[in-house]
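Step one of this worksheet: look at the structure below.
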Amino acid sequence: CVVSVTNVPPPHTTIRPGFPVPVNTNNPGVRKAARFGVYRYNNSSNDLFLFKESQINKAMVQVVRGLKYFLHVEIKRTMCEKRDHCSLDSCHFQRKRSLQRMLRCYFEVWITPWTHKVHIPVAHCH
């Protein structure tokens, strides 16, 4: 799966380099960063199914040679099997109760749009 980094919008024009500041969880850059965290989780999990973000509970961003996002995200198991799917957009959450699973995750996602790079130093889910 290839995900474009180029169209990640800056979260806010008044943010200065330095400390992390809160940012709206519906911000397109936040949502894209959360998806990167989910891809990282899916790549490292042994689960048969893909997970997808269901809710972003808290988001902060820091301007540091790009944008570093600090995210608290809930992710849920989808009906898409790993081997069959690439795009999470078309994946629906599990309906079968016995297969439903929700995890709480903390992601740090560092995006440098001009180098087209995403680095995810932290991805903890439980």
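Does M60 satisfy being more than 13 Å from C125 (Cα to Cα) and in contact (Cβ under 8 Å) with a residue 40 or more places away in the chain? Give the steps one after another, and end with the answer.
Numbers: more than 13 Å from C125 (Cα to Cα): yes; in contact (Cβ under 8 Å) with a residue 40 or more places away in the chain: yes.
Yes, satisfied.
When residues of the stretch 27-70 are filtered for being in a strand (DSSP E or B), open to solvent by 20 Å² or more (accessible area, probe 1.4 Å) and within 20 Å of C91 (Cβ to Cβ), how many remain?
Count: 6.
Taking into account only those residues within the stretch 37-94 that are over 24 Å from V21 (Cα atoms) and basic (K, R), which is modelled with the lowest pLDDT?
R83
Name every residue in the stretch 107-122 that is in contact with a strand residue (DSSP E or B) (Cβ under 8 Å, 6 or more places away or on another chain) and surrounded by fewer than 16 Cβ atoms within 10 Å (Cβ to Cβ), in order of residue number.
K117, H119, P121, V122
Please determine, by comparing only the residues of the stretch 71-99 that are in a strand (DSSP E or B), over 12 Å from the mean Cα position of the chain (by Cα) and charged (D, E, K, R), which one is surrounded by the most Cβ atoms within 10 Å (Cβ to Cβ).
Among those residues, the one meeting the criterion is R77.
Could you check how many residues of the stretch 75-107 are within 19 Å of V61 (Cβ to Cβ) and without any contact (Cβ under 8 Å) to a residue 60 or more places away in the chain? If you could, list the steps in order and put the result at the bottom.
Residues of the stretch 75-107 within 19 Å of V61 (Cβ to Cβ): 105-107.
Right, trim to without any contact (Cβ under 8 Å) to a residue 60 or more places away in the chain and you get 106.
Residues flagged as within 19 Å of V61 (Cβ to Cβ) and without any contact (Cβ under 8 Å) to a residue 60 or more places away in the chain within the stretch 75-107 amount to 1.
The values are calculated or read from the model by the stated rules, or taken from the named source; none is laboratory data. It should be emphasised that the depicted structure is a prediction, and the values quoted were computed from it without experimental measurement. Heads up, the Cβs are rebuilt from the backbone with ideal geometry, glycines too, and the neighbour counts pull from every protein chain shown. Just the protein is used for accessible areas: all its heavy atoms, side chains included, with ligands, DNA and RNA removed. Shrake-Rupley method; radii C 1.70, N 1.55, O 1.52, S 1.80 Å.
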